[in-house]
1. Restricting the search to the range 374-401, which residues are of a type in the set (A, V, I, L, M, F, W, C) and either within 21 Å of Val414 (Cα to Cα) or open to solvent by less than 10 Å² (accessible area, probe 1.4 Å) (or both)?
2. Within the range 729-752, is even one residue in contact with a strand residue (DSSP E or B) (Cβ under 7 Å, 6 or more places away or on another chain), within 26 Å of Ala466 (Cβ to Cβ) and surrounded by fewer than 16 Cβ atoms within 10 Å (Cβ to Cβ)?
3. For a quick check of your reading of the model, give me the residue pairs whose first member lies in the range 305-333 and is under 23 Å from Arg384 (Cβ atoms) and among the acidic types (Asp, Glu), whose second is outside any loop (DSSP other than H, G, I, E, B) and modelled with pLDDT of 95 or more, with beta-carbon atoms closer than 6 Å and at least 6 apart or on different chains.
4. If I ask for residues that are open to solvent by less than 60 Å² (accessible area, probe 1.4 Å), touching a residue at least 12 places away in the same chain (Cβ under 8 Å) and either farther than 30 Å from Met305 by Cα or part of a strand (DSSP E or B) (or both), which ones from the range 152-164 would you list?
5. Specify the residue that is nearest to Ala144 (Cα to Cα); the eligible residues are those in the range 172-216 that are out of contact with any Pro (no Cβ under 9 Å at 6 or more places or on another chain) and hydroxyl-bearing (Ser, Thr, Tyr).
6. Would you say Ala148 is small (Gly, Ala, Ser) and either within 14 Å of Gly325 (Cβ to Cβ) or not in a helix (DSSP H, G or I) (or both)?
7. Looking at the range 37-52, I want the residues that are not assigned by TED's automatic domain parsing to the domain that holds Ala119 and have a partner that is surrounded by fewer than 24 Cβ atoms within 10 Å (Cβ to Cβ) and among the polar types (S, T, N, Q) with Cβ atoms under 8 Å, at least 6 apart or on another chain. Which pairs are those?
8. Among (1) open to solvent by 10 Å² or more (accessible area, probe 1.4 Å); (2) under 24 Å from Asp649 (Cβ atoms); (3) touching a helix residue (DSSP H, G or I) at 6+ places or on another chain (Cβ under 7 Å), there is one condition Ala443 misses while meeting the rest; what is its number?
Amino acid sequence: MAENGIGARVLRKEDNRFLTGKGNYTDDINRPGQTYACLVRSPHAHATINSIDISAAKAAPGVVAVFVGQDLVDDGIGGLVCGMSVAGKGGEVNKAPPRNVLTIDKARFVGDPVAVVIAETLAQAKDGAELVNVDYTELACVVATDGADKAGAPQLHEEVPNNLALDWEFGDSAAVDAAFATAHKVAEIELINNRMVTNPMEPRSAIGEYNSGTDETTLYLTSQNPHVHRLVMSAFMAIAPEHKFRVVAPDVGGGFGSKIFTYNEEAVCAWAAKKINRPVKWTSDRSEAFLCDAHGRDHVTKAEMALDADGKFLAMRVTSYSNMGAYLQLFSVSISTLFHAFLLAGQYTTPAIYIDMKAVMTNTAPVDAARGAGRPEATYLLERLVDVSAGVMDLDPAEIRRRNFIKADQMPYVTPVVHTYDSGDYDASLAKALANSDYDGFAARKAEAEGRGMRRGIGLSAYIEACGVAPSAAVGSLGAGVGLWESAQVRFNPTGSVTVFTGTHSHGQGHETSFAQLITERLGVPIENVEVVHGDTDKGQFGMGTYGSRSLPVGGVAIVNACDKIIAKGKKIAAHTLEAAEDDIEFADGNFTVAGTDKTMNIAEVAFTAYVPHNYPEGVEPGLDEIAFFDPLNFSFPAGAHVCEVEIDPDTGTVEIVRYTAVDDFGTLVNPMIVEGQVHGGLAHGIGQALLEGCVYGDDGQLVTGSFMDYCMPRADNLPSFDVDYSPTVPEHNPLGVKGCGEAGAIAAPPAVINAIVNALGVKHLDMPATPEVVWRAAQAAG
């Protein structure tokens, strides 16, 4: 290992600018002649739009322009698109109703944008927006996930009868039914996976700017994947030709999935900037974020497990509804089907699995990928069901897991739900987690707590996820509209420093450090001489962005592949300079050496020679600058075992997590400090869902939890000091040996926490979020 290479706990290079207030976020950017946009949004969950009177707004002080949806349509601007096509029962593909940038016919959720006012100042834009008079006829609405397709429910779109966007099934239902018919016992559970608002620290923002001299449009925005933003907005929405459209995502303050998608406001800013020939800026306030950012989760599920007399899983059956909201976003139905169902095997050898999933549309904000994206929902229902199964069989939760684990010597293992796991030792992860958490000593701690009038519980979660979202052939066959490879450019400057251009995007993950460590490890360049550039489509290498824990498993390998090309070319240059055969040149620690001699040439010297080729090999191009692509053959499969221990005050329902132990298999750790931080963040996210966060709509479609006064985020005193450890195995399909880590905590934590709470209370189940009121009521009911 190089001093600051793979495995080193290097302090994050990017933190200096963040900690000293030198970060450059979209809202920090102001362009000459800039105007401000304010969106006029529907106050109704469901209403026809009879007319929109903009005359008073246009005459208001400072107002530059007012636009409605028809203005964009008349300019040939397309609507927002759904990027996935998933075939359901009978081969029928999911229904994706059209969505105008500004809605024209009717509003379908509270916050649906109907007009935009652009003014000299933000205050004037807001004042003008209040003068837009929209004549609505309010309609009945539907918000319930498991009620949207019922007879008589209000219909959102003519194109989606019964609000059923997709009726989907997967698995061998006959084999599952046969297994249940002969089962020794059956465990079942009904549960809700609560809707979440992702709430990144930085709200969304966009600035559109048009250069009439070059006919070029620039869009600054908060994006996890700027190249995909440009592709979608040029190819499908006709905002601007791709070669005349620059998208810049500068520093971004968190995404968690919600900044993957193309949103109405971004399209408005880019289009309107050309329309008025002045920059147009919009920044969301927190209320708009609650209303209009894509939400996550929201499943209503019944799950059943068939078991034999030894507690072995024979089959699993799942019947579920997933809420898509009012429109289909980019990934939409694929989250609750493909990304969800294909992980239902978990770490277990269950031979037969069947799922029936109905994706429904409701008068709520659109639902799409949120940290984990389908994998948290799958793990939650499976790991809750496993604990219920343990109760039915009168087995310890750890023991029933051990009896059903896929064994290390069974790898690669083909699951009954598509995926082939290439590595993993689930027994080892669980054993370490149980030891680290002192699982065997829990009974004594429980007795001590009961002596103080408290209830103590312990819960397990053995999760697996498919991440490194990439295999283009695989995702294409499943309905994706694009390939999901990644690319990178590694450029030596003449003085020996290196600039890395990557198509992934960092919004908290620490890429500028981790990717620099790859360069240090592979090329021997000091880490302080490595610069990582991302986020600008005019500067960076084309790439598909950051989500699904794909940056290092896919983008990182592309960087390493480019390094290998650098080394191969460097050997030719060194061989010529050192007067040796190319086959005799060895490379290590940044030096090209003639084998068996002390003749050596540092890679910085090679770079200088490449740019000043006075003495240079014939047929070799000058320069030292290489591009590489990587499209893996399989997903990566991080996995692990988590143990949560809680103490509950039955008189108040207060839950304290007194101990949380995580043992994860992420393969090779490039920077253990950054990985640990990612685990901590994921755990906070998952614990927040389990205990505190719940997005609630009233029956009238109004968002009840529309601010931090009503939507509770986890705070420092809700979280313990986490015990984080690792039990790595080497993935077969990743040259770096990495697996991805950013989503693991959010996947594993919810079932671990709820399993601990129900263990403490002696009840079968309670739904998330397990707020003090929910826990208190359960405690009282349990006596």
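The values are calculated or read from the model by the stated rules, or taken from the named source; none is laboratory data. All figures in this text were calculated on a predicted structure; none of them were measured in a lab. Ideal geometry is used to build each Cβ from the backbone, glycine not excepted, and the neighbour counts take in all protein chains shown. When the accessible area is computed, the model is the full protein with side chains, heavy atoms only, and any ligands, DNA or RNA have been set aside. Shrake-Rupley method; radii C 1.70, N 1.55, O 1.52, S 1.80 Å.
1. Within the range 374-401, Ala378, Leu381, Leu382, Leu385, Val386, Ala390, Ala398, Ile400 meet the criteria.
2. Within the range 729-752, one or more residues are in contact with a strand residue (DSSP E or B) (Cβ under 7 Å, 6 or more places away or on another chain), within 26 Å of Ala466 (Cβ to Cβ) and surrounded by fewer than 16 Cβ atoms within 10 Å (Cβ to Cβ).
3. Asp308/Leu314
4. Of everything in the range 152-164, those that are open to solvent by less than 60 Å² (accessible area, probe 1.4 Å), touching a residue at least 12 places away in the same chain (Cβ under 8 Å) and either farther than 30 Å from Met305 by Cα or part of a strand (DSSP E or B) (or both) turn out to be Pro154, Leu156, His157, Val160, Leu164.
5. Thr198
6. yes
7. Partner pairs satisfying both residue conditions: none exist.
8. The one condition Ala443 does not meet is (3).
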